[in-house]
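Novice: The following block contains the structure, expressed as structure tokens.
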Amino acid sequence: MTSTANHPRIHWLVALVLSFGTASIGGSLTILDDWYYGLQQPWFKPPDFLFGPAWTTLFFLMAWSGVLAWRTHAADPLATAQRRRLMLQLWAFNAIANIAWSWLYFYLQRPAWALLEMPVLWLSIWLLIRHLTPYNRKAARMLWPYLAWVSFAAALNVATVMLNPA
């Protein structure tokens, strides 16, 4: 008999709830109001309607990566509790960094502060990739689009700060 905690559907449910919970918190802080629409935007900024599908895809890939990584840990008798704990701490660090950027940029309306936080978000993704690579390369590779998108978001953030110095 399989325990509930080891049931594959539970892994997906937990990963999706955590991933899209993070997305929901960040989304609730993303206020597109007169302030946002009054900003000078760089020429290469995609239309606003593309951000939702892009982030949805990225958060799904993050959940899938988390499921693969968790299953690898669960199936590996050599996986230590310390290694599992570190993986969970890295995911939590990433979630906080992701939410913090939205809070700084949109909620506090401080793009320059968000830009200063961007290396923290980038580092959190890179640390996850680095941690996952030795034992589940597929889980690590699933985070590369997230890193690429955040790098693009950093370029948008830099351009927005330069176009709106006040």
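Novice: Taking every pair of distinct Cα atoms and averaging 1/r, then inverting, what Kirkwood hydrodynamic radius in Å comes out for the chain?
Specialist: 16.9 Å
Novice: Could you compute how fast segment 121-166 diffuses translationally, taking Rh as the Kirkwood radius over C-alpha pairs and applying Stokes-Einstein at 10 °C with viscosity 1.306 mPa s? Give it in µm² per second.
Specialist: Answer, rounded: 136 µm²/s.
Novice: Here's another thing I want to ask about it. Report the percentage of all Cα-Cα pairs in segment 62-123 whose separation exceeds 18 Å, rounded to a whole percent.
Specialist: 47 percent
Novice: Please give the calculated 222 nm ellipticity per residue for the chain, where each DSSP H segment of at least 4 residues contributes -39500 (n - 2.57) and the sum is spread over every residue; nearest 500 deg cm²/dmol?
Specialist: Only helices count here, giving -24500 deg cm²/dmol.
Novice: Sticking with this one: Determine ³J(HN,Hα), in whole Hz, for all residues of segment 27-40 in sequence, where each value follows from phi through the Karplus function 6.51 cos²θ - 1.76 cosθ + 1.60 and θ = phi - 60°; x replaces Gly and Pro.
Specialist: Calculated HN-Hα couplings, in order: x, 5, 8, 8, 9, 9, 10, 4, 4, 4, 6, x, 6, 5 Hz.
Laboratory data are not the source of any read-out in this text; all were calculated from the coordinates shown. Note that the coordinates shown come from a computational prediction; the quantities given were computed from them, not determined experimentally.
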